[in-house]
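The values are calculated or read from the model by the stated rules, or taken from the named source; none is laboratory data. Values in this document were obtained by computation on a predicted structure and should not be read as measured data. Every residue, glycine among them, receives a Cβ derived from its backbone with ideal geometry; neighbour counts consider all protein chains shown.
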6 protein chains.
Amino acid sequence: MLSMKGLFIGRFQPFHNGHLEAIRFALKQVEILWIVIGSAQRSHEQRNPFTAGERLSMIRDTLLNTEIDPRRWYAIPLYDATHHYIWSRELDMLVPEYDVVFTNDPITTILFKEIGKEVIGVELKDRDNLSGTEIRRRIASNEEWRHLVSKETAMIIDKKSDRLRVIL
Amino acid sequence: MLSMKGLFIGRFQPFHNGHLEAIRFALKQVEILWIVIGSAQRSHEQRNPFTAGERLSMIRDTLLNTEIDPRRWYAIPLYDATHHYIWSRELDMLVPEYDVVFTNDPITTILFKEIGKEVIGVELKDRDNLSGTEIRRRIASNEEWRHLVSKETAMIIDKKSDRLRVIL
Amino acid sequence: MLSMKGLFIGRFQPFHNGHLEAIRFALKQVEILWIVIGSAQRSHEQRNPFTAGERLSMIRDTLLNTEIDPRRWYAIPLYDATHHYIWSRELDMLVPEYDVVFTNDPITTILFKEIGKEVIGVELKDRDNLSGTEIRRRIASNEEWRHLVSKETAMIIDKKSDRLRVIL
Amino acid sequence: MLSMKGLFIGRFQPFHNGHLEAIRFALKQVEILWIVIGSAQRSHEQRNPFTAGERLSMIRDTLLNTEIDPRRWYAIPLYDATHHYIWSRELDMLVPEYDVVFTNDPITTILFKEIGKEVIGVELKDRDNLSGTEIRRRIASNEEWRHLVSKETAMIIDKKSDRLRVIL
Amino acid sequence: MLSMKGLFIGRFQPFHNGHLEAIRFALKQVEILWIVIGSAQRSHEQRNPFTAGERLSMIRDTLLNTEIDPRRWYAIPLYDATHHYIWSRELDMLVPEYDVVFTNDPITTILFKEIGKEVIGVELKDRDNLSGTEIRRRIASNEEWRHLVSKETAMIIDKKSDRLRVIL
Amino acid sequence: MLSMKGLFIGRFQPFHNGHLEAIRFALKQVEILWIVIGSAQRSHEQRNPFTAGERLSMIRDTLLNTEIDPRRWYAIPLYDATHHYIWSRELDMLVPEYDVVFTNDPITTILFKEIGKEVIGVELKDRDNLSGTEIRRRIASNEEWRHLVSKETAMIIDKKSDRLRVIL
């Protein structure tokens, strides 16, 4: 299976250690992983504070500072489509070929299954703390959040503290 | 200047040796180069035969087989905006920070200058042969084109020969 | 009045016996009824599980198996417009001429009245059970729903049971 | 093969006898034919004078006055997609299931072949006269055109003569 | 500072005396005030009952009947952008040059600050009564509302009473 | 007729003396003239060098320096619609009520006539020189153009000379 290519989809608001574990999990099963940055057009709102460019920096800066071979992953921003049914096709246009999709989202799962793709659920550890919603909540209420993300992600979050104070 | 980040924009229909030289030229002047795959939504037409995913594969497969450090470049697909004036802002949303833009296109130049960005012209060698238009013409008329692109790009072009026969 | 043409608008998620009765009601008053399948771009979500093509099949398969003359109705899918005010104009572009609109929706009523169209309220029987919301609820909770739709609609619903299990 | 369903795509500006022959040709090979009215959003321009609603009326009025069973065809308007690659997916959303596509257009052919659909070329008789371009030219220059369309189509064209005088 | 130009943004559903006071407040500080009618594409819904044209009439009719010099203000309708980040750029395209933004909205504030604009908070008097939400509530429940708007605005509201009865 | 309201539509690339004469012509027949700045989303291209904000400044600065009462005209930017048929409806949404349309464009004329509006042709003087196309040509080739526009328009054109040198 290591000659296969996989797809991993997230909003990464922000990119956190749970995402990093999911990427390690997927890279045990596929040779190359396309990381799709979903809702790429969204930013500056409570559920989506960061731009796609900022999220791409979080992913890239973090992964380049791990032991993971930079030839084995690639992150690609993707806008929401106007409707669900079109979205998976728009993804096929922007992303190189892939064999399998890593996701736990039920609608994403059914959309890919209806076009004949294999879908693999992702093991998520410590889901209570390792979620974007929880991390955004902690930033907003000045609770500890730095241990949940990489130091590279933390640096980008810190640079945007003016915005986060208003939006979160 | 080597701590700066640059932007290089193209349609890459297909990615050819002129683009590769331009990337080497830019990387002498900046530390990191964001390569923007423009008109990402276009494919299956005479001037734009390849999807963004196929063009990303050409760029990535080619560059990973050069001596260029994979930490120094990153290619990002970008849709055309509905109007010129909005396009450079949409780019800022999808691409991490940059200091300088490498382009020879006059409208792109004026758009970036009006928002205060530095623009550097790109040296283009052998422009008569090293252009997407010329390479598409050669493919269409069964003339020699393989020496104008990398072997990785040639492999992707070959896989799409059914489409090219119809569209070019 | 039987030489007039009417318009009947619904989302048909799914098409049920209440819709069928409304069509019979309208066809007592107009010669031809244009059935507009609204929110045609929506599918694969809780309130809109079926694609426009699936909804068109429900309507067409059902009506062709009634005594109603196939020359007296025609169903046409219509996307939501970006804004209410534009929607009725977009409808006029896609639908042949009509004289009267059958609807109970207050906003649809006021939009058509402001452009000078006659609007007729539709008698709805057994609204508690004969509604898309109720039928989707029953499918989701494995309660009886088959007596509320035609056997043709039921067949299409059954074919999509994998999707409905996830989405409803 | 008569249990199969087919797809026939055209702009129908206007619907003419060549289209009618193509429909008879297709109906020898499939049980049901979905007739897709392409570029449905276009009207009031030289190459696309008629609205989708007017074109639907031409097709419906004409076919209901032939011997062809109204259960064996159905015409559905379809907007252009923002990009080719998305268009065939948008079609799948709006149109019920189909097995084979009737078209002579090379780009449409390659798009459907790339997603694994069978494509059958359509026999076109007297292509010099039986084309939308030629019929629009004849209307504009007051040459004979009525023998090239059905009497139902001619009636709709006549009703729009004010518009055609300006636009063609 | 009186040679400066300012920007004042609102939805004006409807335009009321609080808006008028804010305009007087801003005109003490700038020479010319561009009044941006936001969400210009919205109408015929509970939170946005009036079209942009109706809102422009409210503003124009009211201001032309004050002592304020008509050379010192200008109202311009602006659609919502598909995403926040693009919106301020779309505004720059439609509105003449400005130096300072009058707003109390936190997201608008952060968006303008991130592109380097000065933002001034607006003094709002009697916010409990002088808000669009409160005025729409009063219209809906037949409570007194006329003292909260100009007589010119009241006249336009009265003309749309059929619509308001349905929508509010 | 002086209690009527009129509509005058143009692209104003740039606003010139021919437009000014047309406005005087229209204001002899109507009390108030809504001046619609068409293709408002276009700028930075050969046929549309100026943004809507720049064009609005040309119109406003020019008219405020004439004898024309500022209460008798109002300029409103309008985007192109995705299709002709929708455009006149989008206009009705953004512009206050009007009774008559001043235009010479045949398609605009037929679109307004089909929805029952009166259309009046505009007397154009010296059409050879007083056209946007001709003025843009003169600017590009360094020929005399200042006598064809107001001094206020000339000032705005001069400020954008860097852009015009590239784009025209």
Task: When residues of the range F:46-59 are limited to those that are in contact with a Pro (Cβ under 8 Å, 6 or more places away or on another chain) and more than 14 Å from chain B (Cβ to nearest Cβ), the one nearest to F:Met155 (Cα to Cα) - done: F:Met58
Task: Residue list for the range B:49-83, filter: free of Cβ contacts under 8 Å to residues at least 40 places away in the same chain, surrounded by fewer than 23 Cβ atoms within 10 Å (Cβ to Cβ) and of a type in the set (Ser, Thr, Tyr) - done: B:Thr82
TODO: Quick one: count up the residues across the range D:24-53 that are part of a loop (DSSP other than H, G, I, E, B) and over 14 Å from D:Val95 (Cβ atoms).
DONE: 13
TODO: May I ask you to say which residue of F:Val95, F:Val100 is modelled with pLDDT of 95 or more, over 14 Å from the mean Cα position of the chain (by Cα) and within 14 Å of chain C (Cβ to nearest Cβ)?
DONE: F:Val95
TODO: State the number of residues belonging to the range C:15-31 that are buried (at least 22 other Cβ atoms within 10 Å of the Cβ) and either closer than 20 Å to D:Trp87 by Cα or within 14 Å of another protein chain (Cβ to nearest Cβ) (or both).
DONE: 1
Open item on the list: Going through E:Arg89, E:Arg72 one at a time, which residue ends up being out of contact with any His (no Cβ under 6 Å at 6 or more places or on another chain) and either more than 30 Å from F:Pro49 (Cβ to Cβ) or at pLDDT 95 or above (or both)?
Closed with: E:Arg72
- [ ] Taking E:Glu97 as the residue in question, decide whether it is surrounded by fewer than 17 Cβ atoms within 10 Å (Cβ to Cβ) and either assigned to a helix (DSSP H, G or I) or in contact with a Gly (Cβ under 9 Å, 6 or more places away or on another chain) (or both).
- [x] yes
Open item on the list: Based on this model, can you work out whether D:Ser43 counts as under 20 Å from F:Trp87 (Cα atoms), free of Cβ contacts under 8 Å to residues at least 12 places away in the same chain and within 14 Å of chain F (Cβ to nearest Cβ)?
Closed with: yes
Task: Close pairs from the range B:134-161: first modelled with pLDDT of 95 or more, partner of a type in the set (Lys, Arg), Cβ under 7 Å, at least 6 apart - done: B:Glu144/B:Arg138; B:Trp145/B:Arg138; B:Ala154/B:Arg146
- [ ] Could you list all residues from the range A:120-132 that are outside any loop (DSSP other than H, G, I, E, B) and surrounded by 19 or more Cβ atoms within 10 Å (Cβ to Cβ)?
- [x] A:Gly132
TODO: Examine the range A:61-76 for a residue that is closer than 28 Å to D:Glu114 by Cα and within 14 Å of chain D (Cβ to nearest Cβ), and state whether such a residue exists.
DONE: no
Task: Which numbered condition E:Ile156 fails, given (1) closer than 30 Å to F:Asp61 by Cβ; (2) outside any helix (DSSP H, G or I) - done: (2)
Open item on the list: Against the definition (surrounded by 14 or more Cβ atoms within 10 Å (Cβ to Cβ) and more than 14 Å from chain B (Cβ to nearest Cβ)), how does F:Ile167 come out, yes or no?
Closed with: no
TODO: With the checklist (1) closer than 27 Å to F:Ala154 by Cα; (2) modelled with pLDDT under 95; (3) away from chain C (no Cβ under 14 Å) in hand, flag the one item F:Thr109 doesn't pass.
DONE: (1)
Open item on the list: Going through A:Ile135, A:Ile115, A:Ile86 one at a time, which residue ends up being within 11 Å of another protein chain (Cβ to nearest Cβ), out of contact with any Gly (no Cβ under 6 Å at 6 or more places or on another chain), of a type outside the set (Gly, Ala, Ser) and buried (at least 17 other Cβ atoms within 10 Å of the Cβ)?
Closed with: A:Ile86
Task: Condition check for C:Asp61: in a helix (DSSP H, G or I) and among the acidic types (Asp, Glu) - done: yes
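Rundown of residues vs (1) in contact with a strand residue (DSSP E or B) (Cβ under 8 Å, 6 or more places away or on another chain); (2) of a type in the set (Phe, Trp, Tyr); (3) at positive phi, yes/no style:
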| site | (1), (2), (3) |
| --- | --- |
| B:Gly10 | yes, no, no |
| B:Asn17 | no, no, no |
| B:Ile37 | yes, no, no |
| B:His44 | no, no, yes |
| B:Thr62 | no, no, no |
| B:Trp73 | yes, yes, no |
| B:Leu78 | yes, no, no |
| B:Arg89 | no, no, no |
| B:Met93 | no, no, no |
TODO: Specify which of the listed residues (C:Leu130, C:Leu124) is closer than 30 Å to C:Asp162 by Cα, more than 9 Å from every other protein chain (Cβ to nearest Cβ) and in contact with a Gly (Cβ under 9 Å, 6 or more places away or on another chain).
DONE: C:Leu130
Open item on the list: Could you go through the range F:2-14 and let me know if any residue there is assigned to a strand (DSSP E or B), aliphatic (A, V, I, L, M), buried (at least 18 other Cβ atoms within 10 Å of the Cβ) and in contact (Cβ under 8 Å) with a residue 60 or more places away in the chain.
Closed with: yes
Task: Selection count, the range A:133-145, where residues are within 20 Å of A:Gly10 (Cβ to Cβ) and outside any loop (DSSP other than H, G, I, E, B) - done: 7
Task: Test for E:Glu21: is it acidic (Asp, Glu), part of a helix (DSSP H, G or I) and over 27 Å from E:His147 (Cα atoms) - done: no
Open item on the list: Any residue at all in the range B:76-85 that's under 19 Å from B:His16 (Cβ atoms), modelled with pLDDT under 95, in a loop (DSSP other than H, G, I, E, B) and not aromatic (Phe, Trp, Tyr)?
Closed with: no
